[in-house]
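Taking it in order: structure first as structure tokens, then the write-up.
What follows draws every value from the coordinates through simple rules; no lab data is involved. Note that the coordinates shown come from a computational prediction; the quantities given were computed from them, not determined experimentally. Note that each Cβ is placed from the backbone with ideal geometry, even for glycine, and that neighbours are counted across all protein chains shown.
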Amino acid sequence: MARALDFIAFALVAGGGVAFARGVQALGDRKDLVAVYLLVVGVLCLKAATDLLRPKAGDA
Amino acid sequence: MADAIGEQRRRLFQAEISRVVPGLYGWLATVATPVFQRGASTSSRVMAGLALASLAASYVLAGSRPRLARVCGVHAFLLFCFGAWALLGPLLRSDQLDAVRGALGAVGFLLHALAWGAPPKDPDDTDALDNLVPGLPLQPRNKPDRWGAVMLALVIPVALTPVALAFAVERPGASLLAHAVAIGCGLLLVGAGNEVALQAGKPRRFPAWRARAGRVLWTLAALAVLVVGGLLWLALR
């Protein structure tokens, strides 16, 4: 299960990358709202990915 | 005995010199050159002089007051360098600066950062070694998991994708913003990918997977709401 969570975290990072890439494309297409939406989605993906694996105080 | 002490002093002297020289080079290439040309303001020259004095003070204080030497060599030196640049005014325009000298000076500042990031050379100097940089002690190195290395290798092209796509943004007024956003996104991706790659394959040090999954419940819930909302918006428009 732990290995599955590792891959979910990696999938979230990849999803964040896709969201960022589409967000930059949306900026060029004059879709500012869509760009902001995709950038927020990307940031949440990365936050979820790192929180999933990052040890916190008291974990040891 | 005297020879050993002399040898140790000589090595310490060389270590301190090697710590100061890159900063001095960066200062000469990027601060002194524009500041001491005709037309530069007196205040920028004073700032440049204070930057040099800070660097000299860091060398003098390195043996007796390592923390104060660090404050002088890193914080005060860079602060006064920035002050000198800020007070240069129109002389800081790109057409007034030598690009090659600036690039070489940037290398000097890079080496300056690396030199000050290195641990003290004197193994007996426990005061300098003991938590010289405030904060939590740094984690020791360990061998990364094989899948972690693969993940990191895959994340790098993913991080470069928005940076490459930003070059396709031709809309006036948005192209510079697109580059800035893309670089920020790339840095976020590299940072997150690096963290995921380093932590992958080390589940034994963590609590049960349920606790790890529960930790991100709110973030995943917000993500799910956003994605479902986006899909609904796409379907209804």
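Quick one: if you stick a label point 7 Å off each Cα along the C-beta vector at B:His75 and B:Ala180, how many nm between them?
2.9
Could you tell me the distance between the Cα centroids of region B:43-81 and region B:156-192, to the nearest Å?
36
Under 12 Å from the Cβ of B:Ser58, count the other residues' Cβ atoms, weight Lys and Arg +1, Asp and Glu -1, and hand me the total. Display every interim value, and only then the final one.
Details: positive: B:Arg19, B:Arg65, B:Arg67, B:Arg70; negative: B:Glu16.
Net local charge, B:Ser58 excluded: +3.
Enter the mean number of other protein chain beta carbons within 10 Å of the beta carbon of each residue in B:146-152, as an integer. Walk me through the numbers before you get to the answer.
On the way: counts 0, 4, 2, 0, 1, 6, 1.
Neighbouring Cβ atoms belonging to other protein chains average 2 per residue here.
I'm checking a number: the convex hull volume of the Cα atoms of region B:38-80, normalised per residue, in Å³. What is it? Present the calculation step by step, with values, prior to reporting the outcome.
On the way: hull volume 2.2 nm³, N = 43.
In region B:38-80, the Cα hull volume divided by residue count equals 50 Å³.
Can you compute 3J(HN,Hα) from phi for each residue in region A:20-35, using the Karplus curve 6.51 cos²θ - 1.76 cosθ + 1.60 with θ = phi - 60°, rounded to whole Hz and x for Gly and Pro?
4, 4, 5, x, 5, 4, 5, 4, x, 8, 6, 10, 5, 5, 5, 4
Across chain A, where is the longest run that never hits trypsin sites (Lys or Arg not before Pro) in a DSSP loop with at most 16 other C-beta atoms within 10 Å? Spell out each step's value before the answer.
On the way: sites that count: A:Arg30, A:Lys31, A:Lys56.
In chain A, the maximal stretch lacking such sites is A:1-29.
Between B:Gln96 and B:Leu12, what FRET efficiency follows from the Cβ-Cβ distance if R0 is 51 Å, with the result rounded to 0.05? Write out the running numbers ahead of the final one.
Values: r = 41 Å, r/R0 = 0.80.
According to the calculation, E is roughly 0.80.
Within 10 Å of each Cβ in A:28-39, how many Cβ atoms from other chains are there, averaged over the peptide?
On the way: counts 10, 3, 2, 0, 2, 1, 2, 4, 0, 4, 2, 5.
Per residue, the number of nearby Cβ atoms from other chains is 3 on average.
Please compute, for peptide B:228-237, the average count of beta-carbon atoms on other protein chains lying within 10 Å of each residue's beta-carbon. Walk me through the numbers before you get to the answer.
Working: counts 0, 1, 4, 0, 0, 3, 0, 0, 0, 0.
Average per residue, whole number: 1.
I want the local charge near B:Glu170. Using Cβ-Cβ distances under 14 Å, sum +1 for each Lys or Arg and -1 for each Asp or Glu among the other residues. Provide the component values of the computation, followed by the final result.
Details: positive: A:Arg30, B:Arg171; negative: A:Asp29.
Cβ neighbours under 14 Å give a net charge of +1.
Run the quick spin-label model on A:Asp29 and A:Phe7: label points 7 Å from Cα toward the beta carbon, then report their separation in nm to one decimal.
Here the modelled spin labels are 3.1 nm apart.
With Cβ to Cβ distances under 15 Å as the rule, what net charge do the other residues near A:Gly28 carry (K, R +1; D, E -1)? List each step's numbers first, then the result.
Working: positive: A:Arg22, A:Arg30, A:Lys31, B:Arg171; negative: A:Asp29, A:Asp32, B:Glu170.
Counting the neighbours of A:Gly28, the net charge comes to +1.
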